[in-house]
Amino acid sequence: MDPRGRVCVVTGAAGGIGGALTEALLAAGARAVVAADLAAPGVEALASRSAAAGTVLPRVLDVADEAATAALVEEIEAGVGPIALWFANAGISGGGGPEAPNAEWERQWQVNVMAHVYATRALLPGWLTRGEGHLITTASMAGILTSLGDGVYAATKHAAVGYAEWLSITYGGQGIRVSCICPGAVDTPMLRAGTGGDADKAAAVIGGGDVLPAAEAAARIVSQVREDRFLVLTHPDMQTHMSRKAGDTDRWVAGMQRLWARSKALLEG
């Protein structure tokens, strides 16, 4: 779906890919972009910085709060216009493995998966009535490959990919478009968090190409959303990794075991 002249919503918009997506949508001609995040100062600064480029409406939103999500949809559609594109971009990481407490599993499940469900519940009735709408969820290559060292993140992102795929299959015949963004190494605070601020070190663990500035990643994402692609990759080389995994899963898993052993040394070094 072309964002030109449309009302768009981006969650997790206070920085990183979300902030860059807001600016890319304005550059693509969006009529208005609602920049939603828990961090009010971040989205307010984004709105101020982007004022010359177009209309950015900063809103505070906890994506794990279903009632708040429904209220935001109602407010924007009543006061601004029909929401055409919803970028469910907010996400969190850092869970660990089976030793992670239940609270961490639940926290990531709510933000990384259920936020997409809550957005769908609020948007789908109107979209089905109008015969169009585009949900764009941000998963991760962790949702197709894995996330070394972070089992909670890998599991929730796999669920996010599966949910987006199901939505696309189920509602595609009724005018509902679904895209699932699976970023590789993009220079964001989340990428740097696990490596002491070293984006290159994080990229070496992820693989698939160089670290992209968030603005470049956002431009690639918007271009693919315009083309109604389901799977949106920031790094085309990731397609090779996906093919290798599908072609010989046992070999791929063995290779990832070796990579994890090397990565632990790199991250601890």
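Just so it is clear, none of the values below were taken in a lab; they were calculated from the coordinates. Just so it is clear, the structure is predicted and the values come from calculations on it, not from any experiment. Neighbour counts run over all protein chains shown; Cβ positions are idealised from the backbone, glycine included.
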task: Please give the net charge around I181, taking every other residue with its beta carbon less than 12 angstrom from that of I181, where Lys and Arg add +1 and Asp and Glu add -1.
output: +3
- prompt: What dipole magnitude, in Debye to the nearest 20, does the chain give about its Cα centre under +1 on Lys/Arg Cβ and -1 on Asp/Glu Cβ?
  reply: 500
- request: State whether segment 1-84 is rounded, prolate or oblate according to the following rule on the C-alpha gyration tensor (a ≥ b ≥ c being the square roots of its eigenvalues): a/c under 1.5 gives rounded; otherwise a/b larger than b/c gives prolate, and the remaining case gives oblate.
  value: oblate
Neighbour-count order for E74, E99, fewest beta carbons within 10 angstrom listed first: E99, E74
- line: Counting Lys and Arg as +1 and Asp and Glu as -1 over every other residue whose Cβ sits under 13 Å from the Cβ of A64, the net charge comes to -4
10 Å-binned pair-distance histogram of segment 65-132 (Cα, whole percent): 19, 43, 23, 13, 3
message: Using Cα-Cα distances under 8 Å and only pairs 6 or more residues apart, what relative contact order does segment 7-244 have, in percent?
response: 18
field: Inter-probe distance in nm under a simple model that places probes 7 Å from Cα toward Cβ, at S223 and E74
entry: 4.1
